[in-house]
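The values are calculated or read from the model by the stated rules, or taken from the named source; none is laboratory data. Computed from a prediction, not measured in an experiment: that's the story for all the values here. Heads up, the Cβs are rebuilt from the backbone with ideal geometry, glycines too, and the neighbour counts pull from every protein chain shown.
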Amino acid sequence: MSIINILQISLRAMRANKVRTGLTVLGMVIGIAAVIIVYSAGEGINSLVRGEVESFGGSDMIETEIKVPSSKKGGASETQSATALVQGVQITSLNLDDMEDVNRLSNVRQSYAGVMGQEQASYGNELKKATLFGVTASYIDIDKSEIETGRFFSEGEDKSLAQVAVLGYKIKDKLFGDSDPIGQSIKIRKKKFRVIGTLEERGAVMIFDFDDLIYLPIRTLQKKVMGIDHISFMMHQVENTDLIDETAEDIRYIIRENHNIARAAEVREGWADTGKDDFRVVSMTESMEIMDTVTNAITLLLLAIVAVSLVVGGVGIMNIMYVIVNERTKEIGLRKAVGAKYSEILKQFLLESILITIIGGIVGITIGVIVSYLIKIGASRAGLSWEFVVPIRSFVVALGFSFVFGILFGVYPARKAAKMDPIEALRNE
């Protein structure tokens, strides 16, 4: 009997039991749709995170930020350091002199430093709690923020402790509404700051809302508002991205020297972090690689969970096929009595199992793609930069699972049917 005839017999049998076939297919549909959704969501999360990281700077950026040192070898973990900072541990060793020394490196084009604080800001009868973002004048040349009206403050204004301010999009509306803020003065700690510019709407990056910031010259914020002389972080723009790792190591060496962490006699190359570093140097490329690793790990974990549902669906197929074999004992007996071979019976029931899983795979892929697109629409409406991508490997994995499970869980029922003795099969019926 040809494979075409066997296929026709299998399809007739499946049509004769539409409800049972549909329920069998449903288990695979859910599992396969989950595979597609997990892969697509993984790509969406990856693109979202990469976009958020890139919003702080492109691949030509290196960040230096404060870190809690530790006496233990290897230093405090990322979590321990972040927890300590949130709990109020102050790291005051990073300063503008460090930035000036880093700027002397041949591969560093320019840098900006930053420090943040919170104070009440007022204009007329409007009083708002605002986040103050002190930065150097080079911020506007490096960051992705754009001037909407007026201008950004200059290096001269920063060094002379000028009381000037640039407003983010939201804080401008909160304080001034439809009025033009340029030339007006706001009060922070009873000091007047003249508004010289506003920034275009940018939105939030992760949990950091650039539109709700008041930008001040960093030295003005340090000396006249916060009473400090340290900074929280620096962003460095490099000339040659091929040398970004070497430049990051040079930055580490300079700051270690400045903070008396390194000794002049120590070797620069490959000098490991002893745990005493009170700063961390990370390139944007490295940050994106870390994010890729994290999102890929999450995707694999979710796929492992999905695999369980696929196995459950496969077991369901095996059980249904086993019941089908028992119900069609007479048919099997008659076919074998008139000369049907072992291989033909085996192929028929195995083909039915494979057809069920392939149909489940195709329907599951379709539903998975539709749900993934709906997730993209929902994320976009929520203001997230979510990319709709269904990678080719998701289709390969989904159809591969369908085919393998069709064979794997269809073999036992098919072999049972093929091995039936025709006389015993007719007698049982």
Being among the β-branched types (Val, Ile, Thr) and at pLDDT 80 or above: is that true of Thr247 here? yes
From the options Ser185, Ser160, Ser179, residue that is farther than 15 Å from Thr131 by Cα and in contact with a strand residue (DSSP E or B) (Cβ under 6 Å, 6 or more places away or on another chain): Ser185
Quick one: what pairs do we get from region 216-239, first residue surrounded by 18 or more Cβ atoms within 10 Å (Cβ to Cβ), second among the aromatic types (Phe, Trp, Tyr) and assigned to a strand (DSSP E or B), C-beta under 6 Å, 6+ apart or different chains? Met235/Tyr112
If we keep only residues of region 192-210 that are in contact with a helix residue (DSSP H, G or I) (Cβ under 6 Å, 6 or more places away or on another chain) and not hydrophobic (A, V, I, L, M, F, W, C), then the residue surrounded by the fewest Cβ atoms within 10 Å (Cβ to Cβ) is Glu201
Test result for Ser394, surrounded by fewer than 16 Cβ atoms within 10 Å (Cβ to Cβ), at pLDDT 70 or above and not in a loop (DSSP other than H, G, I, E, B): no
So Gln348 clears everything in (1) surrounded by fewer than 17 Cβ atoms within 10 Å (Cβ to Cβ); (2) modelled with pLDDT of 70 or more except one condition, right? Which one? (1)
Among the residues of region 68-87, is there at least one that is of a type outside the set (Ser, Thr, Tyr), buried (at least 18 other Cβ atoms within 10 Å of the Cβ) and either modelled with pLDDT of 85 or more or farther than 28 Å from Glu249 by Cβ (or both)? no
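Assess whether Val166 counts as being more than 30 Å from Asp242 (Cα to Cα), in the same structural domain as Val195 (by TED's automatic domain parsing) and at pLDDT 95 or above.
yes
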